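Take a look at the structure set out below.
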Amino acid sequence: MGKPIILTGIRSNGDLTLGNYLGAMLPLAKLQARHANAYKFNMFVPDLHSFTTPINHQDLYSNTIRNLKMFIAAGLNTEHQETYIYRQSFIPAHAELTWILDCFVYFGELNRMTQFKDKSENKNTVSVGLFNYPVLMAADILLYGAQYVPVGEDQRQHLELARDIAIRMNNLFKSDLFIVPEAWNEQLKFAGLNKGVRIRSFKNPNKKMSKSVIDPGTILLTDDPEEASKKIMAATTDSVGEINFDFATQPGISNIIQIIALLRDVPLNEVIAQWQGKHSYGDLKQEAAELVHKFLTTFQQKTSQIEDSYVDELLNRDEALMRQVANAKLLEVQQLVGLRRN
Ligand code: ATP
Ligand code: MG
């Protein structure tokens, strides 16, 4: 048995947001720093996931490379021997395993996914890809036997589906066919979190910040730091007049407190204790605005220093290896379902 695997990815369907950074990129970089010797790390771009909703296809290829640069700028150590960086579409086993799994996943299960409901709401046409995407995500995880999948709270249901699929296939075919990824609470514990991270829009704090939704309350990682600070100073709050950390009654304020804690890399309780009961929303916003300004300035500088050729080199190195790993698991599945001789 090799070392256990931590895996994460962000689809490249648009500019990455502060939510992606705090919910997925930073957690992975932190886990990597903490567990460098004990785990392998798979950081991939699910490019096949990128057009389940319409995108500008001319930008997809370069967006994928840019997103990888941002992951590196977020602190992912690419020199770490057992960190693998790859694109989903360069490893055909992902798509093939998806088809096989599709035949063991029920329509009703996918129809219950809240993200599908949210993303298809009020749309005239909805792609089958959008409906089916959680199965591709399960294939992404199960092909490599990932134990931990650091994702934001919005992906919880999809992760749970991946577990269900793994357990079902193991029961049907072979008890150790797939490693079952850890349950959500174990994922949180492992990441040192009490609760999943769900960064809200600064304008609509009841909604999560999303890269595919046009919203003036979204902070993109490519935003001018000055503009980003202004978005925070203009954040929607509430009329309570006192600072409390409670997403149910003061989502705007709570969102800002959470962002401050994550950017300062201190426990949430420390920031809550600092602000609880105070009255100046402006001062609270000011602290977040300065932190975001400083973060974006450094982050953008780092991103601009990474060459395309460096990313290409990493991809060429790791994609060849990942194809072998994924093909070996796919072959096992093909044999079990009768597509290949045992
Ligand atoms: P889209 O609107 O296209 O779905 P997205 O911003 O939700 O974009 P994804 O590519 O779906 O991004 O997700 C990439 C990763 O970022 C996942 O781990 C997801 O949980 C995390 N993530 C996305 N939005 C947030 C958010 N607002 N807060 C915390 N994590 C988030
Ligand atoms: Mg999403």
query: Once phi is turned into ³J(HN,Hα) by the Karplus curve 6.51 cos²θ - 1.76 cosθ + 1.60 with θ = phi - 60°, what whole-Hz value does each residue of segment 24-36 show in order, with x for glycine and proline?
result: 9, 6, 5, x, 5, 4, 5, 4, 5, 5, 6, 10, 3
Tilt relative to the chain, helix 128-142 - C-alpha long axis, 0 to 90 degrees, to 10: 80 degrees
- request: Hey, could you get me the Stokes-Einstein D for the chain, Kirkwood radius over alpha-carbon pairs, 20 °C and 1.002 mPa s, rounded to whole µm² s⁻¹?
  value: 102 µm²/s
field: Whole-number percent relative contact order across segment 195-234, with pairs defined as alpha carbons under 8 Å at least 6 apart
entry: 33 percent
Under 28 Å from Lys3, Cα to Cα: lysines that are on another chain or at least 8 residues apart: Lys30, Lys40, Lys69, Lys174, Lys189, Lys195, Lys329
- prompt: Counting pairs of alpha carbon atoms under 8 Å apart in space and at least six apart in sequence, what relative contact order in percent does segment 239-342 give?
  reply: 22 percent
- prompt: How do the peptides 305-312, 281-288 rank, highest first, by the average count of neighbouring beta carbon atoms within 10 Å per residue?
  reply: 281-288, 305-312
- request: May I ask you to order 154-164, 24-34, 169-179 by the average number of other C-beta atoms within 10 Å around their residues, highest value first?
  value: 24-34, 154-164, 169-179
field: Using θ = phi - 60° and Karplus 6.51 cos²θ - 1.76 cosθ + 1.60, couplings along segment 257-272 (whole Hz; Gly, Pro as x)
entry: 4, 5, 5, 4, 4, 5, 6, 7, 6, 10, x, 3, 4, 5, 6, 4
Normalised contact order of the chain, rounded percent, pairs of Cα under 8 Å and 6 or more residues apart: 20 percent
- request: Give the shape of segment 61-215 as rounded, prolate or oblate, defined through the alpha-carbon gyration tensor: a ≥ b ≥ c are the square roots of its eigenvalues, a/c under 1.5 means rounded, and otherwise the shape is prolate if a/b is larger than b/c and oblate if not.
  value: rounded
statement: Counting only DSSP beta bridges fully inside the chain, the antiparallel percentage to nearest 5 is 15 percent
- prompt: For the chain, what is the calculated [θ] at 222 nm in deg cm²/dmol (nearest 500), taking -39500 (n - 2.57) for each run of four or more DSSP H residues and dividing by its residue count?
  reply: -16000 deg cm²/dmol
field: Cα-based helix-to-principal-axis angle, 93-102 vs the chain, degrees rounded to 10
entry: 80 degrees
task: Report the Stokes-Einstein translational diffusion coefficient (µm² s⁻¹, integer) for segment 225-303, Rh taken as the Kirkwood radius over Cα pairs, at 37 °C with viscosity 0.692 mPa s.
output: 257 µm²/s
task: Report, in degrees rounded to the nearest 10, the 0 to 90 angle that the Cα long axis of helix 281-304 makes with the longest principal axis of the chain.
output: 50 degrees
query: Sorted by packing (mean other beta-carbon atoms within 10 Å per residue), highest first, where do 314-325, 7-18 land?
result: 7-18, 314-325
query: Which listed residue (Gln286, Ser229, Gln258) has the Cα farthest towards the positive end of the charge dipole for segment 225-303, taking +1 on Lys and Arg C-beta and -1 on Asp and Glu C-beta about the Cα centre?
result: Ser229
statement: Computed from the beta carbon distance with a Förster radius of 22 Å, FRET efficiency for Asn327 and Gln81 to the nearest 0.05 stands at 0.50
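Since every read-out is calculated from the coordinates, none of them should be taken as a lab result. All of these numbers come straight from a predicted model, not from anything done at the bench. Quick reminder, even Gly has a Cβ in these numbers, built from the backbone with ideal geometry, and neighbours come from all protein chains shown.
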